[in-house]
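Since the structure comes first, as C-alpha cells, the remarks are kept for the end.
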Amino acid sequence: MAKFRALVATEERDYSHRTAVQKLGVRPEQRVEVIGDVGPGLRRDVQEALGRGLVRSGLLDGAIVLVESEDEAKEALVRYRARLRDDGYLWVITRKRGHERYLNQMALVPHAKRLGLIDNKTCSIDDDRSGIRFVVPRALRKPTAAA
C-alpha cells in the first residue's frame, strides 16, 4: 500500500482535458480585464465563458495580463491590486522557458507579497505561455456582510 501511495504522490496531474479558460477559473458574469498577447483565441474564449464583454475600468473579479519583463510585471501587480475585489484574482501571463522573453514567475512572488498578494496556482495557457495566479490571502480579506 505504501508503494502505491508513493507512486500516486509522484505522478503529475493531467490537465490536458481542460481548456485554458477552465484552468484560469473564469466564471459567468465576472468582471474581467484581459491585456496583452495572451494567446490565440483566449480573449474570445474568456468573453464566451463570461457571457458578457470584458471590462476596462472599475473593480475587477479578475485580470489576465501578459507581461514581458519583471518591471512590467511589477507595474501590473500594483495597477491591478488596486482594482481587485478581495476575492478576485490576477493571472500574470509570461512566456515559457526557452522563449527569448522568458520570465521566471517565481521572481514576481516577493513583489506580490509586498502588495498583500500571494501566489496560489500556476497553469499552462498554450505552448508558448503560462500563468501564475495571485490572490488576496483570506486572512487579509475584509469581512463580508454575509459573514
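The values are calculated or read from the model by the stated rules, or taken from the named source; none is laboratory data. None of the values given here were measured: they were computed from a predicted structure. With ligands, DNA and RNA removed, areas are computed over all heavy atoms of the protein, side chains included. Shrake-Rupley method; radii C 1.70, N 1.55, O 1.52, S 1.80 Å.
Of everything in region 19-53 that is closer than 21 Å to Ser69 by Cα and acidic (Asp, Glu), the residue that is modelled with the lowest pLDDT is Asp37.
Every condition in (1) in a loop (DSSP other than H, G, I, E, B); (2) modelled with pLDDT under 95 is met by Ala139 except one, and the failing one is (1). Name the single residue, out of those in region 91-146 being small (Gly, Ala, Ser) and closer than 15 Å to Leu66 by Cα, that is least open to solvent (accessible area, probe 1.4 Å). Among those residues, the one meeting the criterion is Gly131.
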